[in-house]
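FYI, it's all coordinate maths here, none of it is from the lab. This structure is a prediction, so every number in the text was calculated from the model and none was measured. Every residue, glycine among them, receives a Cβ derived from its backbone with ideal geometry; neighbour counts consider all protein chains shown.
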Amino acid sequence: MEERSVAGWTVRCDPAAGRRAARARPPAADVCGCDACRNYAAQRDQALDPTRRAELEALGIDPGRESDLCHLGRDGDGLHRYCLRFEFVGAVLAAPPEGDAGSPWRAGPLAGNEEAGNGAWIECEVALEWRLDLGELP
């Protein structure tokens, strides 16, 4: 396990084990298949900026394999907001000194895994255009 800092969060992770685990799981948007998830999947490669992609890759996370996502609705600019969650092998050791408000990420232990400390999640929000040729969601 390696200790790393990601946008103020301190985590312990095993990047190689994380990459192996990710290959065994399809991206959440592909499993769901609803219109909101299909819209996200159509632009998955552009959803995260290079800095966020690099932060995920440093933890052993494939940025193209979200473990969960939620369509949060449209914002004031007409963009569709999504919360993206990624799982990694490791543990969250400390939050940023200023708390969640100072970081683009939120993180925590996987449910039921708080004691073992070998599984955690990190999530962020993104805003995307509607790209499907279907009626747009509200």
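Counting neighbouring Cβ atoms within 10 Å and putting the fewest first, the residues ASP35, ASP133 line up as ASP133, ASP35. For the pair ASP49 and CYS34, label points projected 7 Å from Cα toward Cβ lie 2.8 nm apart. Between LEU134 and MET1, the distance separating the two model label sites (each 7 Å from Cα on the Cα→Cβ line) works out to 4.1 nm.
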